[in-house]
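So the structure is just underneath, and the comments pick up after that.
The values are calculated or read from the model by the stated rules, or taken from the named source; none is laboratory data. This is a predicted model, so every value here is computed, not measured. Glycine also receives a Cβ, built like all others from the backbone with ideal geometry; neighbour counts cover every protein chain displayed.
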Amino acid sequence: MVPPADFTSYYGRPIIKAPVWKTPDVPLYLFLGGMAGGSALLAEGAALSGRPGLEKVARLAAAAGAGGGTVFLVHDLGRPERFLNMLRVFKPTSALSVGTYILSAFATFSGGAAALEVTGRFPRLKRLLGLGAAAAGPPLATYTAALLANTAVPAWHEGHQELPFVFGGSGAAAAGGVALLLAPGAELGPAARMALAGGTVELAATEVMERRLGMLAEPYHRGRAGRFMTAAKSLTVAGHVLNLLGLRWPWLRRLAGASYVAGSLTTRFGVFEAGRDSANDPKYTVVPQKERVARRQSAGKTGAAV
């Protein structure tokens, strides 16, 4: 009996270069961007519905997420001037270039709105800045998915259809979770609904992505990435359960908030590690390519026969 052949590359070397981005800098940047973007939307919803305590928490969370994310991004780049140099040119075809401008605009709007929230001055200007942050929030929460998918890393590139929904839903869950932890108990309704909706979108999009990826879903289930993704799903489901039980026992919503935040954070680490693992294993680059070539050839023969 001849054993099944295993794919190997020359000398067992990777076909593509693994990302050189640092950990935990980049996963934390991905997480904070999503949380900040969701918080900016939540802050405007709280302002419109007359929930000042929730509005304050969400505005501060948005500003803190933008500031913290910028710090981790600059640390990953190595020198602050590299971030500033990216603002010298706007390149629409580069997700990183576009994202730099989104982050800069969001940080300006959210930081200004948070400062005025704390000082209590110029309420109209605060709302105007808050609206700007809310407009930039969804792009901030999802552009990082485009940034990952725009690489040659197999587990990221082939997940380009679902990753924006994974990151967007995860960011909303994190924003709702932070508010559930810190906002006044009487004003938690919008935060609870945002976390529930965001977590559901994240879980559904992740499931669809893993089913569609086929062989390329393996890195999401193995090693460190698999442990992170399993923990993320479990924490998000636990957040849902605690959130719903919080309708009867409100104190459980604080635990739900912590669970949502932890689930969103581990999702980013899981996706990041899965991408690195898929880049380091040559079979995830070559085998899907061969399958695509075979499908095209088969479709061409079928078309010629017709």
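Residues checked against (1) surrounded by 15 or more Cβ atoms within 10 Å (Cβ to Cβ); (2) out of contact with any strand residue (DSSP E or B) (no Cβ under 8 Å at 6 or more places or on another chain); (3) of a type in the set (S, T, N, Q):
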residue: A145; (1), (2), (3): yes, yes, no
residue: A152; (1), (2), (3): no, yes, no
residue: E162; (1), (2), (3): yes, yes, no
residue: T200; (1), (2), (3): yes, yes, yes
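So which of A186, A232 ends up being surrounded by fewer than 24 Cβ atoms within 10 Å (Cβ to Cβ) and either farther than 21 Å from A40 by Cβ or aromatic (F, W, Y) (or both)?
Numbers: A232 fails: surrounded by fewer than 24 Cβ atoms within 10 Å (Cβ to Cβ).
Result of the check over A186, A232: A186.
Quick check: is even one residue across region 30-45 more than 17 Å from L96 (Cβ to Cβ) and surrounded by fewer than 20 Cβ atoms within 10 Å (Cβ to Cβ)?
Within region 30-45 (the criterion being more than 17 Å from L96 (Cβ to Cβ) and surrounded by fewer than 20 Cβ atoms within 10 Å (Cβ to Cβ)), the answer is yes, since at least one residue qualifies.
Being part of a helix (DSSP H, G or I) and aromatic (F, W, Y) is the filter; apply it to region 15-33 and report the residue that is farthest from P190 (Cα to Cα).
Y29
For the structure I just gave you, tell me whether A262 is of a type in the set (A, V, I, L, M), part of a helix (DSSP H, G or I) and either over 20 Å from L181 (Cβ atoms) or more than 16 Å from the chain's Cα centre (by Cα) (or both).
Spelling it out, it is not the case that A262 is of a type in the set (A, V, I, L, M), part of a helix (DSSP H, G or I) and either over 20 Å from L181 (Cβ atoms) or more than 16 Å from the chain's Cα centre (by Cα) (or both).
Determine the pairs where a residue that is within 11 Å of A258 (Cα to Cα), located within region 164-182, has a partner that is among the acidic types (D, E) and crowded, with 24+ Cβ neighbours inside 10 Å with Cβ atoms under 8 Å apart, the partner being 6 or more residues away or on another chain.
Listed pairs, sorted by first residue: A173/E202.
Within region 236-250, is even one residue of a type in the set (D, E, K, R) and under 21 Å from G65 (Cβ atoms)?
So far as region 236-250 goes, no, none of its residues is of a type in the set (D, E, K, R) and under 21 Å from G65 (Cβ atoms).
Is there a residue being out of contact with any Phe, Trp or Tyr (no Cβ under 8 Å at 6 or more places or on another chain), over 23 Å from G176 (Cβ atoms), at pLDDT 95 or above and surrounded by fewer than 22 Cβ atoms within 10 Å (Cβ to Cβ) anywhere in region 95-102?
So in region 95-102, the residues out of contact with any Phe, Trp or Tyr (no Cβ under 8 Å at 6 or more places or on another chain) come out as 96.
Applying the additional criterion that residues be over 23 Å from G176 (Cβ atoms) yields 96.
Still in the list and also at pLDDT 95 or above: none.
No, region 95-102 contains no residue that is out of contact with any Phe, Trp or Tyr (no Cβ under 8 Å at 6 or more places or on another chain), over 23 Å from G176 (Cβ atoms), at pLDDT 95 or above and surrounded by fewer than 22 Cβ atoms within 10 Å (Cβ to Cβ).
Looking at region 34-92, which of its residues are among the aromatic types (F, W, Y) and part of a helix (DSSP H, G or I)?
Answer for region 34-92, where residues must be among the aromatic types (F, W, Y) and part of a helix (DSSP H, G or I): F72, F83.
Looking at region 203-210, is at least one residue under 15 Å from T266 (Cα atoms) and either at pLDDT 95 or above or not polar (S, T, N, Q) (or both)?
Taking region 203-210 as the starting set, the residues that turn out to be under 15 Å from T266 (Cα atoms) are 203, 206.
If we keep only those that are either at pLDDT 95 or above or not polar (S, T, N, Q) (or both) too, we end up with 203, 206.
Yes: region 203-210 contains one or more residues that are under 15 Å from T266 (Cα atoms) and either at pLDDT 95 or above or not polar (S, T, N, Q) (or both).
Out of H221, H240, report the one residue that is surrounded by fewer than 19 Cβ atoms within 10 Å (Cβ to Cβ) and either of a type outside the set (A, V, I, L, M, F, W, C) or at pLDDT below 95 (or both). Outline the logic, then answer.
Values: H240 fails: surrounded by fewer than 19 Cβ atoms within 10 Å (Cβ to Cβ).
None of the other options fit; the residue is H221.
Do you know which residues across region 192-235 are of a type in the set (G, A, S) and more than 25 Å from R254 (Cα to Cα)?
Across region 192-235, the qualifying residues are A205, G214, A217, G223, A225, G226.
What pairs come out if I take residues in region 108-123 that are closer than 16 Å to A134 by Cβ and pair them with residues that are of a type in the set (F, W, Y) and loosely packed, with under 15 Cβ neighbours inside 10 Å whose C-beta lies under 8 Å away, six or more apart or interchain?
Listed by first residue and then by second, the contacts come to L116/F122.
Could you tell me which numbered condition V241 fails, if it satisfies all but one of (1) in contact with a helix residue (DSSP H, G or I) (Cβ under 9 Å, 6 or more places away or on another chain); (2) without any contact (Cβ under 8 Å) to a residue 40 or more places away in the chain; (3) under 28 Å from A18 (Cα atoms); (4) not acidic (D, E)?
The one condition V241 does not meet is (3).
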